[in-house]
Structures are given as structure tokens and as C-alpha cells.
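The values are calculated or read from the model by the stated rules, or taken from the named source; none is laboratory data. Fair warning: this is a prediction, and the values are worked out from it, not measured in the lab. Here the Cβ positions follow ideal geometry from the backbone for every residue, glycine too, while neighbour counts run over all protein chains shown.
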Amino acid sequence: MTTSYSLPETEAVLTGEELFASGDGDRLELVKGKPSPMTPTGYLHGLTESTLGSKLKMFVDQNGSGKVMVGEVGIYTGRNPDTVRAADILFISNRRMSRVKSTGYLDVAPELVVEIISPGDRWCDIVDKLDEYFSIGVQNVWLVDPRHKQVFVYTSPTEATRFSGEQTITGGDVLPGFETRVLELFE
């Protein structure tokens, strides 16, 4: 089945605002002004996103520290030309949220981005996203691998700690007091 998009197929460079206004941004990212299609996720991705998103939201709602968002939330990681990445899950503090000016995609970096690996993801694309997230001020990126039931917690584009099984992931400085066992994400 072929999906068609109403976005122009020319060499024109799109802005994030144009992508958002087009209504076609649900399954696209924008990379240096060019639409980049995303493959629909599988059910393991969806289950993992729902489970971890719920845990984070419950914790954040209890302490009122900010907002948790799920479902391919657009974040500007570059401007002129625009790059908009779609995060599976993110946490943004009230302080940072108060600085958001856009009515479309986030124009302020969240503190935490969670990317859930899908079978079709290419490592070079994941590395690009890590670099972009940290370059705009994201403090932690959690790379979740449902297939191997593990989580990599990145504190920089090159520094990560791997967690699996009974090990516990904490929110560190970003979400003090949050913790979950890795196995709970994949039950």
C-alpha cells in the first residue's frame, strides 16, 4: 500500500511551521528542510511507549515538575533550514515549558527524550538524533530496545550506561526520585 503526502515533492525547503500546517507531519520528520518519512511502528514499540510513558506521567503528575508527552512529539533540533525530530516520549520541566513560544512543535529542548528502537531503525540515524538532541540542550536520552529488553541511558552523545533485566533506571538529576526496573517496561 502506497501512502501519498500532500507536501511538495520539489527541491523546495520546508520550514517546521509549514510541515505542521500541512497536517502531514504525523509520520514525517523534517531533516534540514526536507521531509523524511517514518515507518509505522510495531506493537512492541507501542506497548513499550505506553508502559514507560504511563510510568513517567504518573511520577511527574504526582510531583508537578513538568509535562510528559508521548506519540512522536515534534522538537526543533535545527533552524534555517529546519530540522524537526519526532520523540517517542519526552519530559519537559515547567521552567522550560514556560519558555515555549511555538504553537506547533517544541522550540525549547526538553530535559529528557526517550527513543524506542524499531526494527527498521538505522544506527547512523539514531546517532544523528543523539547528536541533535544534545546540541539543543537535552540532558538525557534513553534509547529503549524492546527486542533485547534493554535501555541505554545517554548523558552525552558518546557516554551511555546499559541497563537490563532486574537493573533499575533512575531519573537522575532530570527526574530525581523516579525509578523503574527494566523488566517492568517489557512485561
Condition met for MET38 (touching a residue at least 24 places away in the same chain (Cβ under 8 Å) and in contact with a helix residue (DSSP H, G or I) (Cβ under 7 Å, 6 or more places away or on another chain)): yes
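Counting only residues that are among the small types (Gly, Ala, Ser) and touching a strand residue (DSSP E or B) at 6+ places or on another chain (Cβ under 8 Å), which one in the stretch 120-164 is surrounded by the most Cβ atoms within 10 Å (Cβ to Cβ)?
In the first step, residues of the stretch 120-164 are kept if they are among the small types (Gly, Ala, Ser); the result is 120, 135, 137, 156, 160, 164.
After this cut, where a residue has to be touching a strand residue (DSSP E or B) at 6+ places or on another chain (Cβ under 8 Å) as well, the list is 135, 160, 164.
Values: SER135: 12, ALA160: 16, SER164: 14.
Here the residue is ALA160.
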Pick from the stretch 61-74, criterion over 17 Å from the mean Cα position of the chain (by Cα) and touching a residue at least 24 places away in the same chain (Cβ under 8 Å), ranking: surrounded by the most Cβ atoms within 10 Å (Cβ to Cβ): SER65
Which listed residue, of VAL153, VAL114, VAL108, VAL138, is more than 27 Å from ALA21 (Cα to Cα) and modelled with pLDDT of 95 or more: VAL153
From the options THR77, THR48, residue that is within 14 Å of the chain's Cα centre (by Cα), assigned to a strand (DSSP E or B) and either among the polar types (S, T, N, Q) or within 24 Å of GLU187 (Cβ to Cβ) (or both): THR77
Residue in the stretch 29-42 that is basic (Lys, Arg), farther than 16 Å from ALA86 by Cα and at pLDDT 80 or above present: no
Yes/no for ILE92 being of a type in the set (Val, Ile, Thr), crowded, with 18+ Cβ neighbours inside 10 Å and modelled with pLDDT under 95: no
